[in-house]
Amino acid sequence: MTYQQKLPPLNQHLTYGDETDAAKQLIGSHDGKWAGIDAESVARMRLQNRFRTGLDIARYTAAIMRQDMAAYDADSSLYTQSLGCWHGFIAQQKMISIKKHFGSTDRRYLYLSGWMVAALRSEFGPLPDQSMHEKTSVPALIEELYTFLRQADARELGMMFREIDAARAAGESAKEQALLKAVENHQTHVVPIIADIDAGFGNAEATYLLAKKMIEAGACALQIENQVSDEKQCGHQDGKVTVPHEDFIQKIRACRYAFLELGVDDGIIVTRTDSLGAGLTKQIAVSTEPGDIGDQYNSFLDCEEIDPATARNGDVVLNRDGKLMRPKRLPSGLFQFREGTGADRCVLDSITSLQNGADLLWIETEKPHVEQIASMMDRIREVVPNAKLVYNNSPSFNWTLNFRQQVYDAMVKDGKDVSAYNRDDLMSVEYDGTKLADIADERIRTFQADGAKRAGIFHHLITLPTYHTAALSTDNLAKEYFGDAGMLGYVLNVQRQEIRQGIACVKHQNMSGSDIGDDHKEYFAGEAALKAGGANNTMNQFG
């Protein structure tokens with residue numbers, strides 16, 4: 001049994017029976033006033049609610065991530081993965097599915113995307129990924145995700161308790177004992193969340209205050225980016241503006257202070273650099289001596305030499321190797337970096353972050369290319385050997401086109417005949433099933449394993465997968481249901497598939513907590529309980 005497969009009981013020395021006995025002793029100490037309370041029911045309710053607070057979750061999941069990071073350092077095949085979730089139900093169904101298909105949640109996390117919070121959870125309605133949504137919606141979503149995951153635990157354990165009762169009623173002692181042991185070794189649905197704090201939604205103090213709320217809600221890992229807070233853009237759009245390192249380091253420290261204040265000593269900070277696609281800065285870095293971090297940041301600025309006599313009011317002037325240089329400023333007031341310096345700035349950003357408290361890196365790229373990522377990570381690891389990356393397997397990439405073009409270019413380099421292909425039109429369905437397309441698909445399939453081995457990618461995530469799956473499945477259902485198929489469009493493509501694939505929420509009353517509610521009614525009212533799960537409940541049609 002691995003560390004993540006078993007959630008320790010409330011008291012590691014107590015078995016299910018011990019928990020029941022402890023509750024019985026407590027009830028008995030109240031001179032009969034608690035006689036209506038059943039000790040085993042108390043034990044069951046406690047087991048169904050092992051996490052009392054978000055901080056309990058943050059501490060538990062931080063320990064999991066730390067152990068996973070150490071495991072990856074020893075064996076790069078042990079990388080981790082997550083999918084972005086914008087609703088608690090989505091997170092719940094994901095983890096139920098993972099347990100069903102793989103039997104373990106080991107190395108499988110959740111990702112909370114600021115993009116999806118902006119697009120789907122803001123009271124302003126759908127917004128672009130520019131930190132315009134209410135920042136309180138981020139910790140609120142973290143709490144929601146964990147509420148649904150905890151309910152998944154309660155639901156699964158509740159069904160196990162019913163099996164225990166049935167085994168007892170049938171006199172099957174061996175089965176009862178096996179079920180009790182399974183309860184004690186129950187694998188929780190609660191897993192780490194890497195939560196997007198954007199650029200901190202303000203200055204370092206604002207970052208600290210929001211970080212606290214996110215950690216209190218259960219986040220063990222915060223991902224923060226080096227963009228200017230009030231100019232923040234989606235990492236895969238244009239117009240990104242970065243901040244000097246000293247400004248960013250203040251926000252890293254703010255996140256660390258938040259973790260330490262709340263007693264989450266193992267909390268993880270993921271620092272994201274958008275420098276590869278960000279050609280602008282809002283301010284010149286402060287530099288007190290040549291070669292310091294401010295000077296290094298400024299060295300990438302696109303400058304022109306000036307004569308002091310021609311200096312204009314408002315000019316910013318740098319002394320570069322004894323020459324007076326004026327950074328080029330756009331009409332927006334922003335300064336621009338020299339073209340082609342993005343990778344160098346990413347390397348400097350990453351090393352600086354790791355040397356100032358970051359635990360993991362995130363380098364936002366414009367395409368999924370293992371060697372491009374590795375070229376930067378190799379340089380970073382020369383300075384910080386155990387540097388590890390969180391990588392965005394983004395839906396903003398056209399994966400099919402990118403990988404087909406990569407294979408095309410490799411074929412050209414190797415002198416192979418590519419006359420049957422048009423590089424600019426490789427997305428076309430006419431290339432499906434060709435040798436080039438098959439090679440590209442295999443590279444997509446192994447991208448995560450290849451990236452983990454070659455480029456130091458510890459964690460692979462997809463930011464917006466459930467945004468797209470919701471849109472696709474809804475489109476297919478609408479096309480069928482409102483078309484000629486009518487109700488068959490739902491029955492054939494949804495309900496029948498749920499039944500045959502064993503999708504838990506086909507019993508949607510059970511998934512919503514109806515059976516848990518029935519258990520509580522019985523605890524509270526005994527034989528007088530009016531339960532919903534009787535013979536006339538249509539959920540019985542699903543077995």
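Every number in this text was worked out from the coordinates using simple rules, so none of it is lab data. Remember, it's a predicted structure, so these values are computed and weren't measured experimentally. Here the Cβ is made from the backbone with ideal geometry for all residues, glycine too, and neighbour counts use every protein chain on show.
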Alpha-carbon Rg/Rh ratio, for region 248-400, with Rh computed the Kirkwood way:
1.03
Could you derive backbone 3J(HN,Hα) for region 209-225 from the dihedral phi with the Karplus parameters 6.51, -1.76 and 1.60 (θ = phi - 60°), listing whole Hz in sequence and x where the residue is Gly or Pro?
5, 5, 4, 4, 4, 5, 5, 4, 7, x, 6, 9, 9, 10, 10, 10, 10
Dipole of the chain, positive direction: furthest Cα of LEU354, SER131, CYS220, with charges on the beta-carbon:
CYS220
Cross-link pairs LYS99/LYS181; LYS367/LYS435; LYS240/LYS367; LYS212/LYS251; LYS282/LYS367 - those with Cα-Cα distance over 20 Å:
LYS367/LYS435; LYS282/LYS367
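Within region 151-301, what percent of beta bridges assigned by DSSP are antiparallel, to the nearest 5?
On the way: 1 of 11 bridges.
The antiparallel proportion sits near 10 percent.
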I'd like the orientation of helix 399-413 relative to the chain: the angle between its Cα long axis and the longest Cα principal axis, in ° from 0 to 90, rounded to 10.
50 degrees
Set of aspartates and glutamates with alpha-carbon distance to LYS453 below 20 Å, sequence-local pairs under 8 removed:
ASP68, ASP73, ASP75, ASP106, ASP359, GLU364, GLU371, ASP378, GLU382, ASP441, GLU442
Return the loop-located trypsin sites (Lys or Arg not before Pro) in region 284-326 (DSSP other than H, G, I, E, B) with at most 16 other Cβ atoms within 10 Å of their own Cβ; answer none if there are none.
ARG312
If each of GLN501 and GLU246 carries a label point 7 Å out from its Cα toward its Cβ, how far apart are those two points in nm?
5.5 nm
Loop-located GluC sites (Glu not before Pro) in region 324-370 whose Cβ has at most 13 other Cβ within 10 Å (DSSP):
GLU339
Relative contact order (percent) for the chain, with alpha-carbon contacts under 8 angstrom and 6 or more residues of separation?
15 percent
Which percent of Cα pairs goes in each bin when the distances of region 259-327 are cut into 10 angstrom slices starting at zero?
16, 35, 24, 14, 8, 3
Between ALA410 and SER512, 0.36 nm times their residue separation minus their Cα-Cα distance comes to what?
31.6 nm
Between LYS453 and LYS33, how high is the FRET efficiency from 1/(1 + (r/R0)^6) when r is the Cβ-Cβ distance and R₀ = 51 Å? Nearest 0.05.
0.20
Region 178-190 - phi-based ³J(HN,Hα) in whole Hz, Karplus 6.51/-1.76/1.60, Gly and Pro as x
5, 5, 4, 5, 5, 5, 5, 9, 4, 8, 6, 7, 6
With r as the distance between the Cβ atoms of GLN81 and GLU304 and R0 = 41 Å, compute the FRET efficiency 1/(1 + (r/R0)^6) and round to 0.05.
0.30
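Would region 1-152 count as rounded, prolate or oblate if I go by the C-alpha gyration tensor, calling it rounded below 1.5 in a/c and otherwise prolate when a/b exceeds b/c, oblate otherwise?
Numbers: a/c = 2.78, a/b = 1.54, b/c = 1.81.
Note, shape of region 1-152 comes out oblate.
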What is the set of long-range amide H partners of ILE268 at a cut-off below 5 Å, with H atoms built 1.01 Å from backbone N?
ALA221, LEU222
Give me the angle, in degrees from 0 to 90, between the Cα long axis of helix 245-261 and the longest principal axis of the Cα atoms of the chain, rounded to the nearest 10.
20 degrees
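Only sites in a loop by DSSP and with at most 10 other Cβ atoms within 10 Å count here; which chymotrypsin sites (Phe, Trp or Tyr not before Pro) in region 86-183 make the cut?
On the way: sites: TRP86, PHE89, PHE102, TYR109, TYR111, TRP115, PHE124, TYR146, PHE148, PHE161; in loops: TRP86, PHE124.
Answer in residue order: PHE124.
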Give me the angle, in degrees from 0 to 90, between the Cα long axis of helix 465-481 and the longest principal axis of the Cα atoms of the chain, rounded to the nearest 10.
60 degrees
Mean projected area in nm² (Cα convex hull; one quarter of hull surface) for the chain:
34.0 nm²
Can you spot the aspartates and glutamates whose alpha carbon is less than 15 Å from LYS531's alpha carbon? Ignore those fewer than 8 places along the same chain.
ASP515, ASP518, ASP519, GLU522
Once you sort the root eigenvalues of the Cα gyration tensor of region 426-472 as a ≥ b ≥ c, which label holds: rounded (a/c under 1.5), prolate (a/b larger than b/c) or oblate (the other case)?
oblate
Stretch GLN283-ALA420 to full length: gain in nm at 0.36 nm per residue minus the Cα-Cα span?
44.3 nm
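How much of the DSSP bridge set in the chain is antiparallel, in percent, rounded to the nearest 5? Present the calculation step by step, with values, prior to reporting the outcome.
Details: 11 of 42 bridges.
Of the beta bridges lying entirely in the chain, close to 25 percent run antiparallel.
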Is any residue of region 190-204 close enough, with backbone N under 15 Å, to a label point placed 7 angstrom from the Cα of TYR257 along the Cα-Cβ axis, and if so, which?
202-204
At 7 Å along the Cα-to-beta-carbon direction for both ASP438 and ALA528, put a label point, then send me their distance in nm to one decimal.
7.2 nm
